[in-house]
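*Asks:* Have a look at this one before I ask anything.
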Amino acid sequence: MDKLIHTALNSLHSARVRQNVSSQNLANAQVSGYRGDEVGGRFGSIYLTAEGQMESRVFTKKSEPGLFSTKQGELRQTGEQTDLAISGAGYFLVEGDDNQLGMSRRGDFTIASDGTFLNGAGERILDTSLTPITLPPFRKIFVAENGQIYIQPMGAEPGVRQLVNQVALSSGDGLDLVKDIDGLIRPRGGFVREEFNADQNAKLTQGYLETSNVSLFDELVNNVEIQKQYQLNVKLISLAKELDEAGSTLMKLPNS
C-alpha cells in the first residue's frame with residue numbers, strides 16, 4: 001500500500017504547486033503588463049524501474065522554475081501621456097531598488113518629484129545607456145514608437161518639442177528568459193550590465209496600457225480541476241489505509 005500512498009502524496013504536492021501558481025496569477029490579474037506564470041507543461045514524469053519488473057510507479061517531476069506566458073495582453077486606451085504600452089514582442093528595461101537590471105512589460109509610468117521616470121512598482125525606467133531616466137520640467141511629454149522622449153518645455157511656444165532621452169527597449173530575441181523572484185524578467189543566470197545593449201526592436205504606443213495576460217476564466221477553471229485532483233488523491237490515501245488495515249486483519253492468527 002505504500003506505493004499507492006506515496007504516489008498519491010506526490011500528486012498532492014504537484015497540485016499544491018499548481019494551486020500556488022494559479023493563486024499568484026489571480027492576485028496579479030489587474031496589474032498592468034503582468035506576465036502570468038505558467039503551470040501547464042511544467043511537470044514531467046519519472047518512471048521507477050527494476051530489472052525484470054514492469055514500470056508500475058510514476059512520479060511527477062517539476063521542470064525548472066521561472067516559466068511565464070508571453071501572450072500579448074489587451075491594449076486599453078487611457079489618454080494619460082505617461083502611460084506606455086508595447087505592441088507585440090519586447091520589454092522595458094528597468095532597475096529596482098537593488099540596482100539590478102531587469103525587464104518588464106509594465107507601462108503605468110509616473111514622474112517622481114525629482115524627475116525620475118518610474119513605473120507603478122517604483123522601478124526606475126532606463127535609457128539606452130542603461131541609466132535611470134530623469135526628465136526636466138515640462139508642459140507636455142511625447143514618446144515616439146522607438147522610445148524617444150520629447151517634451152514641450154515650460155514656457156515654450158505650443159508645438160515646440162525638445163528631444164531629451166530615449167526609453168531603453170529590448171525584443172528579448174536570442175535570450176533564454178525566465179521570471180525572477182522579484183517579478184522581473186531576466187536571462188537565465190542574470191544580466192551582465194556591461195555586456196548588454198538595448199536593441200530598440202519594440203514598438204511603443206503612448207496613451208495606452210497593456211493589461212495582464214492572465215485569463216481569469218482559465219484560472220478559475222484550473223482551480224476547480226486542482227481541487228478535484230486534490231480530493232481524488234485524499235480519497236486514494238484513505239482507500240490505501242483501509243486496504244492496509246484489511247490486509248493486516250487477514251494476517252492475524254485466529255484465536256484458539
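*Asks:* Starting from the Kirkwood Rh over alpha-carbon pairs, what translational D in µm² s⁻¹ does region 142-224 have by Stokes-Einstein at 37 °C and 0.692 mPa s?
*Replies:* After rounding, the answer is 200 µm²/s.
*Asks:* Still on this structure, I have one more. Could you order the peptides 233-244, 75-86 from most to least packed, using the average number of other C-beta atoms within 10 Å per residue?
*Replies:* Ranked by mean Cβ neighbours within 10 Å, highest first: 75-86, 233-244.
*Asks:* Roughly speaking, what % of Cα-Cα pairs in region 183-238 are separated by over 19 Å, rounded to a whole number?
*Replies:* Numbers: 1008 of 1540 pairs.
Everything past 19 Å amounts to 65 percent.
*Asks:* Sort all Cα-Cα distances of region 84-242 into consecutive 5 angstrom bins from zero, then give the percent of pairs in each bin up to the one containing the longest distance.
*Replies:* Each 5 Å bin holds this share of Cα pairs: 2, 8, 15, 17, 15, 11, 8, 6, 5, 4, 3, 2, 2, 1, 1, 0, 0.
*Asks:* Excluding same-chain residues fewer than 8 positions from LYS203, which aspartates and glutamates have a Cα within less than 13 Å of its Cα?
*Replies:* GLU145
*Asks:* Take the solvent-accessible surface of the protein heavy atoms, probe 1.4 Å, and return the percent of it on region 168-256 that carbon and sulfur atoms account for.
*Replies:* 57 percent
*Asks:* Using the Cα centre as the reference, give the magnitude of the dipole from point charges on the C-beta atoms of region 133-194 (Lys, Arg: +1; Asp, Glu: -1; all else neutral), rounded to the nearest 20 debye. Don't jump to the answer; show the numbers that get you there.
*Replies:* On the way: 7 positive and 7 negative charges, 41 e Å.
Dipole about the Cα centre, nearest 20: 200 debye.
The values are calculated or read from the model by the stated rules, or taken from the named source; none is laboratory data. All values reported here derive from a predicted model rather than from experimental measurement. For neighbour counting, all protein chains shown are included, and Cβ atoms are generated from backbone atoms with ideal geometry for every residue, glycine included. Surface accessibility is based on the protein's heavy atoms, side chains included, excluding ligands, DNA and RNA. Shrake-Rupley method; radii C 1.70, N 1.55, O 1.52, S 1.80 Å.
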